[in-house]
1. Provide a single number: the residues in the range 108-137 that are under 27 Å from residue 70 (Cα atoms), away from the ligand (no atom under 16 Å from the Cβ) and either out of contact with any strand residue (DSSP E or B) (no Cβ under 7 Å at 6 or more places or on another chain) or in a strand (DSSP E or B) (or both).
2. How many residues does the range 337-350 contain that are under 18 Å from the mean Cα position of the chain (by Cα) and away from the ligand (no atom under 13 Å from the Cβ)?
3. For residues that are more than 10 Å from the ligand (Cβ to nearest atom) and over 16 Å from residue 412 (Cα atoms), scanning just the range 377-388, find the one that is surrounded by the fewest Cβ atoms within 10 Å (Cβ to Cβ).
4. With the condition kept exactly as written, say whether any residue in the range 240-247 is in a strand (DSSP E or B), under 22 Å from residue 373 (Cβ atoms) and within 16 Å of the ligand (Cβ to nearest atom).
5. Residues in the range 413-439 that are surrounded by fewer than 23 Cβ atoms within 10 Å (Cβ to Cβ) and either within 12 Å of the ligand (Cβ to nearest atom) or assigned to a strand (DSSP E or B) (or both): how many?
6. Please go through the range 185-230 and pick out each residue that is touching a helix residue (DSSP H, G or I) at 6+ places or on another chain (Cβ under 9 Å) and part of a loop (DSSP other than H, G, I, E, B).
7. Residues in the range 48-61 that are in contact (Cβ under 8 Å) with a residue 12 or more places away in the chain, over 13 Å from residue 106 (Cβ atoms) and surrounded by fewer than 24 Cβ atoms within 10 Å (Cβ to Cβ): how many?
Ligand code: BGC
């Protein structure tokens, strides 16, 4: 009996993803570096990013070999603004040359780069001037985007302006966990607004420099549900959280109308039609409920469903089926092609990652079969890396390859072996599930038990 096979559309892009601060090391002129060195508990065990995965000093090249070993044909990375513009208005050409080297090596390996221009970190000069709350921040970003694309346009045409504006703003200005550690809801909306302006202006600036560019942004979506669907208060909480995290950037990108919960409505005309594609970063589902013990926090409570598979700590529920409705929503709202720009899970011992990967790919495949224009999938992450406020907490290992941060040695995990087979086959089959994730065989291939064994 031949194996059953889920095949993806021809030309589907298979990739991995990383970000500059998380893998490069030595990003001394950005706000995260300064934050880590406060050593006041803001990062797990007061870790500092240090050499990270060593990309700046040469490890990138070995990892590009690993991309090849995985049979991937694309990789999403970011360029570090603080390296390229360490002082406002002054360009560091050595840094641009190093990125040229890395992108060239990728192309030689047959890997198409997707380059993100902002992935959470800011140059210190920008942070000192008030960061993304500053009214000129969009203009600073536009200037930076035009410079980078002007310099590197011969190496790629696939650009992602900003990674997860909603998460950046929520962590930095609402939860107060990331620099500049503010808890100010008005500022949260102001920052998201400025990032939307920045994206829209960068979109135009990039197309001015490279008319054929494909420009999008990476949108983080949480799959919110009311814990008890028949409770009006739980529904209210779920809608509130959905609008706060998900709806906030989607609506303005679709309509050009900015309608924050707090602050003035405004027409941001350029935001409409500012996407050639949209990226979905997906990690978790959460159920919202009214929490009377948290009246200070507007009564907001949320949790994973009892008994559901979760990540460590407050990570939330791992929910591969959520991918389909989220893809549908992005497409119906924005009507542009999609990439899954991040998907993965923290899993120190690679116990559940292979099964989670196949379950997730199943729902991406289903979306493709429903004719949603999903063009590619970027697994987070290629290698273990610096996980922001979780630092190098071993529970937050995301890599297909493990990294020993003391020696930079890499270990190929089983999920890397599986992903290499998936990318080579442009899909996955029963045999791969049996070998790497027997626990998902019945779910993904329910008829398998009826087949005579060969
Ligand atoms: C971010 C990554 C991060 C990943 C896992 C995403 O929201 O873009 O930088 O490492 O989540 O937490």
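1. Total meeting the criteria: 5.
2. Our first condition is that a residue be under 18 Å from the mean Cα position of the chain (by Cα); within the range 337-350, this holds for 337-347.
Subset that is away from the ligand (no atom under 13 Å from the Cβ): 337-339.
Looking only at that region, the number is 3.
3. At the first step, the residues of the range 377-388 found to be more than 10 Å from the ligand (Cβ to nearest atom) are 377-379, 382-384.
Then keep just the ones that are over 16 Å from residue 412 (Cα atoms); that gives 377-378.
Numbers: 377: 29, 378: 27.
Among residues in the range 377-388 that are more than 10 Å from the ligand (Cβ to nearest atom) and over 16 Å from residue 412 (Cα atoms), the one surrounded by the fewest Cβ atoms within 10 Å (Cβ to Cβ) is 378.
4. Filtering the range 240-247 down to residues in a strand (DSSP E or B) leaves none.
Scanning the range 240-247, I find no residue that is in a strand (DSSP E or B), under 22 Å from residue 373 (Cβ atoms) and within 16 Å of the ligand (Cβ to nearest atom), so the answer is no.
5. Number of matching residues: 2.
6. Once the filter is applied, which keeps residues that are touching a helix residue (DSSP H, G or I) at 6+ places or on another chain (Cβ under 9 Å) and part of a loop (DSSP other than H, G, I, E, B), the range 185-230 yields 210, 213, 227, 228, 229.
7. In the first step, residues of the range 48-61 are kept if they are in contact (Cβ under 8 Å) with a residue 12 or more places away in the chain; the result is 48-57, 59-61.
Cutting the leftovers down to over 13 Å from residue 106 (Cβ atoms) gives us 48-54, 56-57, 59.
In the following step, the residues that additionally are surrounded by fewer than 24 Cβ atoms within 10 Å (Cβ to Cβ) were identified as 48, 50-51, 54, 56-57, 59.
Adding up the residues that qualify gives 7.
Condition check ((1) touching a strand residue (DSSP E or B) at 6+ places or on another chain (Cβ under 6 Å); (2) within 16 Å of the ligand (Cβ to nearest atom)) across all residues:
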{"position": "161", "(1), (2)": "yes, yes"}
{"position": "169", "(1), (2)": "no, yes"}
{"position": "179", "(1), (2)": "no, yes"}
{"position": "189", "(1), (2)": "no, no"}
{"position": "197", "(1), (2)": "no, no"}
{"position": "202", "(1), (2)": "yes, no"}
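Computed from the coordinates by the stated procedures, all read-outs in this text should not be read as laboratory data. All figures in this text were calculated on a predicted structure; none of them were measured in a lab. Neighbour counts are summed over all protein chains in view; Cβ atoms, including those assigned to glycine, are modelled from backbone coordinates with ideal geometry.
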